[in-house]
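Notes to accompany the following structure.
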Amino acid sequence: MGSIDDNPVPPSKKFNTSLTDFSTVHEDKTGPYAENLTVDALIVGAGFAGIFMLKTLRDLGLRTTIFEAGTDIGGTWRWNCYPGAAVDSEVPEYEFSWPEVYSTWTWKSNYPTYSELREYFDHVDRVVGVKKDCAFNTVVVGARFDTEDGVWRVKTKDGRVTMARYLVLGTGFSAKRYIPPWPGMDKFRGIVHHSSFWPDTEIPVANKRCAIIGTGASGVQITQAWGPRAGSLTVFQRTPNLGLPMRKTALTPESQNALKHYYPELFRYRETTFAGFLYDWAEKNTFDDSPADREAFYERVWNEGGFRFWVSIYKDNVFDAEANKESYAFWAKKTRARIVDPVKRDLLAPSPENMPHFFGIKRPALERDYYEQFNRENVDVVDIRGNGIKEFTETGIRLEDGTYYEFDVVAVATGFDVVTGVMTQLNLQSISGKPLSEEWSSGAQTYLGTTVSGYPNMFHIYGAHGPTLLSNGPTSVAVQGRWVADAISKIEANGVRYINPKSEASEKWKKRVLELNNKTLFPTTTSTYMGGGIPGKVVEPVCFAGGVPTYAKEIREALDEWDVGFNIVMK
C-alpha cells in the first residue's frame with residue numbers, strides 16, 4: 001500500500017486538492033478490489049467510524065468491505081501528518097472500547113501524536129483484522145439505490161461498480177478540504193500544501209521564509225512546530241483562536257494497565273456526558289457562585305487542562321451571554337499575560353471589551369505554547385479579516401491593500417467544507433435521480449443524523465445532524481454505530497427490502513436540530529457548528545446540540561417505533 005508519497009501530485013497541479021488525486025487503477029482484481037464486487041454492506045472511510053462498522057457488521061455475519069481514498073487505515077490520522085499534528089481528546093476516551101484491543105495496547109502520552117495514532121490503528125488491524133477487507137486509493141464518485149433489486153450501485157474513480165444492500169458512510173466531518181480559489185497558486189515557485197493533504201515526508205523550514213494561512217487547530221499545531229525552527233514565520237489570521245492549555249503528560253504502561261479493569265465503566269460513562277468526554281458541565285450556573293468562588297473554580301478547571309474549560313465549566317456557559325463573558329474574561333486574562341508585544345496581544349487574545357465572539361462557540365484548539373511562539377523575533381501574526389489575501393505570485397503572497405510578503409514554504413490551513421461537504425462530494429443520487437449536492441444546496445436534511453430521505457438503506461456516522469463536532473469522536477461513533485447495526489439487524493430479521501426515511505420525519509428532525517441550536521449562543525457567529533465559512537454555503541446548524549445522552553435516547557426511541565419515521569418496504 002505504501003504511503004501518500006506513492007501518489008505523487010499530478011503533473012498539471014501544484015499540489016493535491018481533491019480526494020480523486022489519490023485514486024489509482026489497481027492491478028489486483030481480487031477481494032475488495034474485485035470488479036463487479038457484491039457485498040452485504042459497503043463502508044466508505046477507514047477511520048474510527050468505518051472500522052467500528054466493519055467489525056460490528058462482520059460480527060453480525062454480513063459480508064462487509066471498506067472503500068478508503070487514502071493509502072491505509074486511520075482516517076484523519078493518515079491524512080493529517082502535518083508538522084505537530086496530534087489529537088485533542090485524551091485517552092482512554094479517544095479509543096475503541098473493544099477489550100481485545102485496549103488490553104494489549106498502551107499509549108506514550110495522554111494526547112497522542114498522529115504517528116502514534118497510526119501505530120494504534122495498525123495494532124487494531126493486527127487484533128481484529130481490518131486491512132484484508134479494505135480497498136485503498138479507492139474514491140467513490142457516484143452511488144444510487146435500485147429500489148427493484150434493493151441494492152446500491154456504487155461507482156469508484158477507477159471505473160469499478162460495486163453492489164451492496166447497505167451503504168454506510170463513515171466519512172466523518174472533515175473529508176472535503178477547503179482551499180480558497182486564490183489566483184496564482186499554481187505559479188508559486190515555493191512549496192505549498194493544504195494541511196490535510198500534507199506529504200508524508202518532512203519539509204525543511206530552517207532558514208526558510210514560512211507562512212501559515214489559518215488559525216484553526218492545524219494552524220495552531222503547525223505554528224508550534226515551525227516557530228522554533230523556521231527562518232521566519234508569518235501567520236495569517238482572520239479570527240483569533242481562543243485556545244486552551246492541553247496539559248500533555250507522559251504515560252507509563254504500568255499506570256495504564258493498573259486502571260484497565262475500570263475501562264468498561266469509563267467507556268459506558270463517556271456516553272452519559274454532554275460531549276462524550278470523561279467530564280461534564282458543572283451543576284451550577286455561572287452567577288450561582290460569588291466572584292471569588294467563580295474565580296477559584298475557573299482556576300481549578302483551567303489547571304486541569306484540555307477541553308475541561310470548555311465543557312466542564314458552568315452549565316449555562318454556551319447558553320447565557322452574560323455568563324459567557326465571564327469565562328471569556330478569565331481566558332483573556334490568562335492568555336494575554338503570555339504575550340509580550342501589545343499589538344500581537346490584541347490580535348491573538350483580544351481584551352474582554354473587544355471579544356471577537358462568545359467563548360466556546362467556535363471549537364477551541366488545545367495548545368502547548370502557541371501564544372509564546374509570537375514572543376519570538378522570527379514569528380509574526382498578520383490580521384487579514386479586513387484585508388484578505390488577493391493572490392499568490394511566483395515568490396509570495398499579496399494582500400488586498402497591496403502589501404506583499406515573500407515566502408519559500410506555505411501551509412494552507414483553511415480547514416474543510418465541514419460536515420455536509422463530506423457527503424455532497426460523493427455524487428450520491430436519490431431514488432428520484434437528484435444529486436444530494438443539489439438537494440442540500442438550501443440546507444442539510446437528515447432523519448436522526450444517521451439517514452437521509454430518498455436514500456434507502458444508507459446510513460452516515462459522525463456527520464450531519466449528529467453530535468459530531470460537539471462530541472468526542474469515538475463516543476459518537478459508538479452510539480451511532482450500534483444504532484446503525486441494530487437498524488440493519490432489524491431489517492434483516494423482518495424480511496424488509498429497505499427502509500427509507502419519510503420526508504416529514506426529516507423535516508421534524510431538522511426542526512429539532514434548529515430548536516436545540518437556537519437555545520445556545522452558536523447562531524451568533526459563523527463557525528464549523530454553523531456549517532463553516534464556505535462562500536455560498538448556507539449558514540445553518542449542522543450538529544445536534546442537545547448532548548450525547550439526549551441524542552442517544554431520541555434515536556433509540558425512533559428505532560423502537562421505526563414505522564413512524566421510515567417507509568418500510570418488504571421483500
Handout entry: Filter pass, Ala225 being among the hydrophobic types (A, V, I, L, M, F, W, C), in a helix (DSSP H, G or I) and within 30 Å of Asp408 (Cβ to Cβ)
Key = yes
Handout entry: In segment 114-130, residue farthest from Glu93 (Cα to Cα) [restricted to those that are more than 21 Å from the chain's Cα centre (by Cα) and in contact (Cβ under 8 Å) with a residue 60 or more places away in the chain]
Key = Val130
Practice task
Sort out which residues of segment 403-437 are of a type in the set (D, E, K, R) and modelled with pLDDT of 95 or more, and write them in order of number.
Solution key: Glu406, Asp408, Lys434
Handout entry: segment 216-227 - residue that is over 13 Å from Asp380 (Cα atoms) and not hydrophobic (A, V, I, L, M, F, W, C) and, of those, surrounded by the fewest Cβ atoms within 10 Å (Cβ to Cβ)
Key = Gly216
Exercise for the section: Collect the residues in segment 450-465 that are more than 17 Å from Glu554 (Cβ to Cβ) and not in a loop (DSSP other than H, G, I, E, B), keeping them in residue-number order. Expected result: Met458
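Which residues, taken from segment 240-258, are outside any helix (DSSP H, G or I) and either β-branched (Val, Ile, Thr) or free of Cβ contacts under 8 Å to residues at least 40 places away in the same chain (or both)?
Result: Thr249, Thr252, Ala258.
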Completion exercise
The residue that is surrounded by the fewest Cβ atoms within 10 Å (Cβ to Cβ), considering only those in segment 385-438 that are in a loop (DSSP other than H, G, I, E, B), of a type in the set (A, V, I, L, M) and under 28 Å from the mean Cα position of the chain (by Cα), is Leu426
Practice task
Say whether the condition of being in contact with a Phe, Trp or Tyr (Cβ under 6 Å, 6 or more places away or on another chain), in a loop (DSSP other than H, G, I, E, B) and more than 23 Å from Gly214 (Cα to Cα) is met by at least one residue in segment 305-312.
Solution key: yes
Fill in the blank from the handout: Of the residues in segment 103-118, those that are of a type in the set (Ser, Thr, Tyr) and crowded, with 20+ Cβ neighbours inside 10 Å come to Tyr111, Tyr114
Practice task
Kindly check whether there is at least one residue in segment 439-450 that is surrounded by fewer than 19 Cβ atoms within 10 Å (Cβ to Cβ) and free of Cβ contacts under 8 Å to residues at least 40 places away in the same chain.
Solution key: no
Problem - Verdict on Phe274 being farther than 18 Å from Asn110 by Cα and either not assigned by TED's automatic domain parsing to the domain that holds Ser471 or not aliphatic (A, V, I, L, M) (or both) - result: yes
Practice task
Exactly one condition in (1) within 23 Å of Ser430 (Cα to Cα); (2) at pLDDT 95 or above is not met by Ser489; state its number.
Solution key: (1)
Completion exercise
Only one of (1) of a type in the set (A, V, I, L, M); (2) closer than 16 Å to Leu244 by Cα; (3) not in a helix (DSSP H, G or I) does not apply to Ala332, and that is (3)
Problem - Single unsatisfied condition, Val168 versus (1) buried (at least 21 other Cβ atoms within 10 Å of the Cβ); (2) farther than 27 Å from Lys537 by Cα - result: (2)
Problem - Pair list, Cβ < 8 Å and 6+ apart or interchain, from segment 519-543 residues that are in a helix (DSSP H, G or I) to residues that are of a type in the set (Asp, Glu) - result: Met530/Glu540
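The values are calculated or read from the model by the stated rules, or taken from the named source; none is laboratory data. As the structure is a computational prediction, the values presented were derived from the model and not from experiment. Cβ coordinates were reconstructed from backbone atoms using ideal geometry, including for glycine residues, and neighbour counts include every protein chain displayed.
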